[in-house]
Amino acid sequence: MTAAPSPFLIVAIDGGAASGKSSSSRIISERFNLLHVDTGSFYRALTAGMLRAGASPTDLPTVQAALAALRLGTRVTGRSAEMEIDGRPVGDDIRSRAVNDHVSHFAAIPELRAALLAYQRGQADVARAHGFRGLVMEGRDIGSVIFPDADFRFFLHADPAERARRRANEGQHDSIVERDRLDSSRKTAPLACPVGAISIDTTHVTLPQVVEQMATAIATKLAAP
Ligand code: C5P
């Protein structure tokens, strides 16, 4: 008798800026052979594109025209899905100060979020096509909007002072409190812990401890008959 194929696994990890999403989702992707998808990098890439096109977040017609002109693709590098715009990989400028300052304003525009919806869900097909067992997607609305039926939904949070310290250690200027305020208060897909998600406070715990908590929850459910 042959064993039934393992089901495709979707792990959603949401949380505010510098809450530990990227580090933990990278390790979870390795542990469980999942494609790692950082949706923050998608919003950053679109923001960099909007800034290049001279669009301001308050100028909807220019934003819509710029969105309509974008051709989005995906390149898989190692275990990570990376966005390509018009066939070119996005550059390091997605972590620039200008993008940090503007990204939450562009991300609050419903039309821009709508333009990314199918692209983000389509990452499941990218993961299948590349032979991954599933995907781990990090962002703000993954467990609430993109994959509300994900097999696992985690929500990470931490004290703002600790998060600011983490960003400073990375040598980044990033107004995380302001981004969180904008992300939590927008009308479309606000940052919030989805009902039923596992909430983890990462303020006083190490990265390996956070990962262990997630990995145990996943492994326990996978092992259940
Ligand atoms: O994760 P990161 O901090 O790089 O995300 C940058 C910004 O992208 C967030 O502050 C938020 O405005 C936006 N974002 C979003 N929804 C997601 C992921 C990111 O609105 N799923």
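The values are calculated or read from the model by the stated rules, or taken from the named source; none is laboratory data. Owing to the predicted nature of the structure, the values given are computational and were not obtained by experimental measurement. Note: ideal-geometry Cβ built from the backbone for every residue, glycine included; neighbour counts use all protein chains shown. Heavy atoms of the whole protein, side chains included, go into the accessibility calculation; ligands, DNA and RNA do not. Shrake-Rupley method; radii C 1.70, N 1.55, O 1.52, S 1.80 Å.
Net charge near K21, counting Lys/Arg +1 and Asp/Glu -1 over other residues with Cβ under 12 Å of its Cβ?
Charge balance near K21 sits at +1.
Net charge near A98: determine it from the other residues with C-beta under 14 Å of the C-beta of A98, scoring Lys and Arg +1 and Asp and Glu -1.
Summing Lys/Arg as +1 and Asp/Glu as -1 gives +1.
Could you do me a favour and compute the accessible area per residue for the stretch 100-225, 1.4 Å probe, result in Å²?
Ligands and nucleic acids excluded, the result is 49 Å² per residue.
Accessible area of the stretch 71-225 with a 1.4 Å probe: how many percent of it is carbon plus sulfur?
The computed percentage sits at 55.
Give the shape of the stretch 95-225 as rounded, prolate or oblate, defined through the alpha-carbon gyration tensor: a ≥ b ≥ c are the square roots of its eigenvalues, a/c under 1.5 means rounded, and otherwise the shape is prolate if a/b is larger than b/c and oblate if not.
It comes out oblate by the Cα gyration axes.
Find the all-direction average of the projected area of the Cα convex hull for the chain, expressing the result in square nanometres with one decimal place.
12.8
Explain nothing, just the number: dipole magnitude of the chain about its Cα centre with +1 on each Lys and Arg Cβ and -1 on each Asp and Glu Cβ, in debye rounded to the nearest 20.
The calculation lands at about 200 debye.
Quickly work out the T216-to-S6 label distance, labels modelled 7 Å from Cα along the C-beta direction, and quote it in nm with one decimal.
Distance between the two pseudo-spin positions: 2.1 nm.
Antiparallel DSSP bridges in the chain: what percent, to the nearest 5?
Of all bridge pairs located within the chain, approximately 30 percent are antiparallel.
Measure nothing but the geometry: give the 0 to 90° angle between the long axis through the Cα atoms of 110-121 and the longest principal axis through the Cα atoms of the chain, rounded to 10°.
The angle comes out near 30 degrees.
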